[in-house]
1. Per residue of segment 204-211, in order, report the coupling 6.51 cos²θ - 1.76 cosθ + 1.60 (Karplus, θ = phi - 60°) as ³J(HN,Hα) in whole Hz, putting x for Gly and Pro.
2. Report, please, the projected area of the chain averaged over directions, based on the convex hull of its C-alpha atoms, in nm².
3. P(r) tail for segment 238-319, what percent of Cα pairs lie past 21 Å?
4. List, largest first, the extents of the alpha carbons of segment 173-299 along their principal axes, each in whole Å.
5. Any idea what the dipole of segment 123-208 comes to, in debye rounded to 20, about its Cα centre with Lys/Arg Cβ at +1 and Asp/Glu Cβ at -1?
6. If you build the convex hull over the alpha carbons only and average its shadow over all orientations, what do you get for segment 84-153? Give it in nm² to one decimal.
7. Could you tell me the ratio Rg/Rh of segment 50-201? Both radii from Cα atoms, Rh via Kirkwood.
8. If you stretched the chain out fully between ARG223 and GLU301, how much longer would it get, using 0.36 nm times the residue separation minus the C-alpha to C-alpha distance?
Amino acid sequence: MNSLKLAVIGAGAFGRNHVRVLSRLPGVQLIAIVDCDLAKAQQLANEHGGQAFASLADVPAIDAAVVATPTASHEEVATRLLEAGVDVLVEKPIADTAAAGERLARLADEKGRILQVGHLERFNPAVIALEKALTVPLFFEIHRLSIFTPRSLDIDVVLDLMIHDLDLVLSFTQAVPIEIRAAGISVLSNKVDIANVRLSFASGCIANLTASRVSVEQVRKLRLFQPGEYISLDYHRQDATRFSVGPAESGPLPKIAFEQLKVERAEPLESELLAFCDAVRQRSRPRVDAWQGARALQLAEAILDKIKEHAEIVSATIRSRALSK
């Protein structure tokens with residue numbers, strides 16, 4: 001097996017994790033770590049190998065690259081790589097707008113390049129186990145709560161955290177919602193820090209999602225209801241429990257049974273990068289392609305529009321009541 005020559009663009013928190021995992025993957029040669037802050041790139045190169053560069057233009061020939069730069073630069077960096085014939089894994093969200101994401105998807109198709117989006121939860125072993133148990137999704141209740149950190153304050157919590165779950169709901173339902181209701185507020189930044197969303201689908205399925213980056217605890221949970229059963233999933237623990245209703249063994253009451261879904265534990269980032277490398281070698285469509293990344297971002301943008309509408313209604317109500325006093 002020929003070694004794939006890879007570069008990581010961006011030496012921040014996400015880039016550091018990609019470098020850590022790539023440096024130990026079989027069949028992968030970490031060629032370059034690129035960051036405008038050369039000292040950060042050099043520190044990573046010292047720890048994990050590869051060469052540090054301050055500019056993408058200086059990087060030697062590579063087969064593929066991971067783009068882990070700030071979201072606003074995703075389109076520019078990924079476009080340069082795709083135009084140069086390089087396969088790309090770009091961190092989520094795919095770009096700063098859905099239109100930009102679609103441009104990247106079209107470019108990848110035109111150039112015959114692999115473009116995978118880093119929706120990491122798709123590679124969570126518990127999510128993979130849940131996918132195998134899906135029948136007819138009827139109701140989702142999803143909570144993704146984080147303790148406040150200065151990271152990713154350049155984007156709203158919908159794009160920072162909730163987009164993981166939006167991608168999963170779209171994947172599970174294989175449909176787009178016909179109605180969106182949303183509310184959100186800013187607490188510690190000038191962006192939306194807490195958001196609550198209700199999505200309705202033509203099938204009758206409902207998804208309630210809450211995301212917060214100002215919680216006092218970290219919560220990563222999904223609950224799914226489908227005919228005759230309920231499945232509770234914990235992203236962080238990588239486990240999923242199924243509760244089902246069966247025929248009564250004796251008496252009038254039905255039998256309630258529960259079981260742990262079979263989960264093959266693994267580090268999601270390693271699974272994601274292995275899948276990307278396989279797609280590059282086999283020239284196959286990645287598990288999360290650019291069109292799916294753009295679709296999740298389009299839904300996130302629609303949600304932010306609804307949050308803005310709701311905020312305007314609330315502001316008008318407050319002003320009206322203040323004037324009436």
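1. Using θ = phi - 60°, the values come out as x, 5, 10, 10, 9, 10, 10, 10 Hz.
2. Details: hull surface 85.1 nm².
So the Cα hull casts an average projection of 21.3 nm².
3. Values: 2245 of 3321 pairs.
That tail contains 68 percent of the Cα-Cα pairs.
4. If we take the Cα atoms of segment 173-299, the spans are 56, 44, 35 Å.
5. My answer is approximately 100 debye.
6. Details: hull surface 30.8 nm².
Mean orientational projected area (segment 84-153, Cα hull): 7.7 nm².
7. Checking Rg against Rh, the ratio lands at 1.00.
8. 25.7 nm
The values are calculated or read from the model by the stated rules, or taken from the named source; none is laboratory data. Please read all numbers here as calculations on a predicted model, not as lab measurements. Positions of Cβ are generated from backbone atoms using ideal geometry, with glycine treated the same way; all protein chains shown enter the neighbour counts. Calculation scope for accessible area: heavy atoms of the full protein, side chains included, ligands and nucleic acids excluded. Shrake-Rupley method; radii C 1.70, N 1.55, O 1.52, S 1.80 Å.
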